[in-house]
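Colleague: Got a structure here, written out as structure tokens. Questions coming.
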Amino acid sequence: MTETIHITVENELGEVRLLEIPDGIDLSLMEVLKASDYDILATCGGMALCATCHIQVVEGMDVLAPRSDAELDMLDTLPDADDRSRLACQIRLKPALDGLKIRIFANN
């Protein structure tokens with residue numbers, strides 16, 4: 001049985017949209033955001049080398065895997081990063097993410 005993962009996304013203008021992603025597509029959150037026409041640069045292509053897919057987790061931080069050293073290093077380069085900051089390229093989609101709420105930033 002295929003489940004649907006629901007992720008609420010707030011953009012830089014405060015507009016909120018619900019994404020419905022089928023489980024099992026084996027993509028990162030960054031890839032889904034780009035495919036959903038969000039303004040995510042993802043300059044490095046998902047290698048945690050540029051921080052242009054910086055997001056803020058509004059709800060659901062507890063269901064995410066811990067940040068890797070590479071992700072933490074990149075987040076440290078951002079002046080607006082905080083303890084709720086993540087790189088969307090480092091978040092793999094899985095059913096446990098259902099209900100995740102995030103905020104994105106234009107042209108990271």
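Readers should treat all values here as calculations from the given coordinates under stated rules, not as data from a laboratory. All of these numbers come straight from a predicted model, not from anything done at the bench. FYI the Cβ positions are ideal-geometry reconstructions off the backbone, even for glycines, and counts take in every protein chain you see.
Colleague: Mind checking the dipole of the range 4-104: about its Cα centre, +1 per Lys or Arg Cβ, -1 per Asp or Glu Cβ, Debye to the nearest 20?
Modeller: Roughly 160 debye for the range 4-104.
Colleague: What is the range 4-104 by shape, rounded, prolate or oblate, if you read a ≥ b ≥ c off the alpha carbon gyration tensor as root eigenvalues and call it rounded for a/c under 1.5, prolate for a/b larger than b/c, and oblate otherwise?
Modeller: rounded
Colleague: What FRET efficiency do you get for Ala70 and Glu10 if R0 is 30 Å and r is their Cβ-Cβ distance, rounded to the nearest 0.05?
Modeller: 0.70
Colleague: Could you check the spin-label model distance between Lys94 and Met61? Points 7 Å from the Cα along Cα→Cβ, value in nm.
Modeller: 2.0 nm
Colleague: May I ask you to compute the full-extension gain from Leu27 to Leu41, defined as 0.36 nm times their residue separation minus their alpha-carbon distance, rounded to one decimal in nm?
Modeller: Value of the extension gain: 3.4 nm.
Colleague: If you don't mind, another one. List the residues, sorted by chain then number, that are 5 or more residues from Ala42 or on another chain and whose placed amide H is less than 5 Å from its amide H.
Modeller: Thr52, Cys53
Colleague: Pick out, from Tyr38, Leu78, Gly14, the residue whose Cα sits farthest towards the positive end of the charge dipole of the range 4-104, with +1 on the Cβ of Lys and Arg and -1 on the Cβ of Asp and Glu.
Modeller: Tyr38
Colleague: Find out how many positive minus negative residues lie around Asp23, taking Lys and Arg as positive, Asp and Glu as negative, among other residues whose Cβ is under 13 Å from that of Asp23. Please list the in-between numbers first.
Modeller: Details: positive: Arg92, Lys94; negative: Glu3, Glu20, Asp26, Asp98.
Local charge sum for Asp23: -2.
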